[in-house]
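Student: One structure, pasted below without further comment.
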Amino acid sequence: MKRKGNLIFLFNQSNFNNWLAGGENNMSGNVGVNYDFNYKKNDLTWDNKVIASYGLLQTKNSDFQKKTDDRFEFNSVLGKKAVGYWYYSFFLNFF
């Protein structure tokens, strides 16, 4: 089994002091996951991918946080070798 991927955390802060054109102070953060899980044995392969992210934004003049990103996706492909480079396969996608 092979596993690879990454975890992402982003943070941003903007501050507008003495800004004539306007603007609103804010803070935001995003968390993301992108991972692959792959399995291969003899003539059977199983490839899975998970993509997930979530983000929030808080502005100075707002009483509540706003969601900026919301994603969950799961892809799975199960394959059995038929002949040569040809495979019978089953694909599952959930989001």
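Student: Gly22 passes all but one of (1) on the phi > 0 side of the Ramachandran plot; (2) open to solvent by 50 Å² or more (accessible area, probe 1.4 Å); which number fails?
Tutor: (2)
Student: Identify, by number, the condition in (1) farther than 23 Å from Lys4 by Cβ; (2) open to solvent by less than 80 Å² (accessible area, probe 1.4 Å); (3) not hydroxyl-bearing (Ser, Thr, Tyr) that Val77 doesn't meet.
Tutor: Val77 satisfies all of (1) farther than 23 Å from Lys4 by Cβ; (2) open to solvent by less than 80 Å² (accessible area, probe 1.4 Å); (3) not hydroxyl-bearing (Ser, Thr, Tyr) except (1).
Student: Give the number of residues within the range 54-80 that are under 30 Å from Gly23 (Cβ atoms) and without any contact (Cβ under 8 Å) to a residue 24 or more places away in the chain.
Tutor: Of the residues in that region, 7 qualify.
Student: Within the range 46-67, count every residue that is surrounded by 15 or more Cβ atoms within 10 Å (Cβ to Cβ), among the acidic types (Asp, Glu) and over 24 Å from Gly5 (Cβ atoms).
Tutor: Final tally of qualifying residues: 0.
The values are calculated or read from the model by the stated rules, or taken from the named source; none is laboratory data. Being a predicted model, the structure only gives us computed values, none of them experimental. Neighbour counts are summed over all protein chains in view; Cβ atoms, including those assigned to glycine, are modelled from backbone coordinates with ideal geometry. Only protein heavy atoms, including side chains, enter the accessible area calculation; ligands, DNA and RNA are left aside. Shrake-Rupley method; radii C 1.70, N 1.55, O 1.52, S 1.80 Å.
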